[in-house]
Amino acid sequence: MYQGHPALEPIAWILLAIKLAGIPVGAFAFLHAVTQRADAFVAADKLSKNAWMGITGGATLVLLLFHPVGLGTMFWIAGLVAALVYIVDVRPRITDVQRGPRW
C-alpha cells in the first residue's frame with residue numbers, strides 16, 4: 001500500500017475505496033447498454049447501442065486501469081463521468097422507451 005507518512009495512510013485507504021467504488025458503476029453502465037435493444041437507443045434519440053457499448057466499455061476499462069490520484073486522474077474522472085452520463089441520462093430514456101406509453 002502506501003509507504004509514506006503514517007498520517008496519510010487513511011487517505012490512501014479512502015482513495016482505494018473511491019477507486020473500487022467506481023469500477024461497479026462502469027460495469028453496470030456497460031452491462032445495461034449490452035442488454036438493451038438497439039432500436040431503443042434510436043427511439044430515445046441517443047447515440048447508437050454500439051456507440052454506448054464502446055463508451056461505457058472504455059469507461060469501465062479506464063476505471064480499472066487508472067487511479068483517481070496521480071498521472072491518470074483525468075482519465076479516471078473522464079471514465080467515471082462517461083459511465084455516470086449513461087446511467088443518469090441515457091438509461092432512464094431507454095427504459096421509458098422500452099416500457100411504452102403510460103396512461
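The values are calculated or read from the model by the stated rules, or taken from the named source; none is laboratory data. What you see is a predicted model, and the numbers here were worked out from it, not measured in a lab. Here the Cβ is made from the backbone with ideal geometry for all residues, glycine too, and neighbour counts use every protein chain on show.
Applying a threshold of 6 Å to beta carbon distances and a minimum spacing of six or more residues, or different chains, the list of pairs starting in segment 39-56 at a residue that is touching a residue at least 24 places away in the same chain (Cβ under 8 Å) and ending at one that is in a helix (DSSP H, G or I) and not hydrophobic (A, V, I, L, M, F, W, C) reads A40/Q98; F41/K49; A44/R93; T56/Y86.
Taking (1) of a type outside the set (S, T, Y); (2) at pLDDT 90 or above; (3) at negative phi in turn, H67 satisfies each apart from (2). Here R102 meets each of (1) touching a residue at least 24 places away in the same chain (Cβ under 8 Å); (2) loosely packed, with under 11 Cβ neighbours inside 10 Å with one exception, condition (1). Looking only at segment 88-103, residues that are outside any loop (DSSP other than H, G, I, E, B) and farther than 21 Å from R37 by Cβ come to 0 in all.
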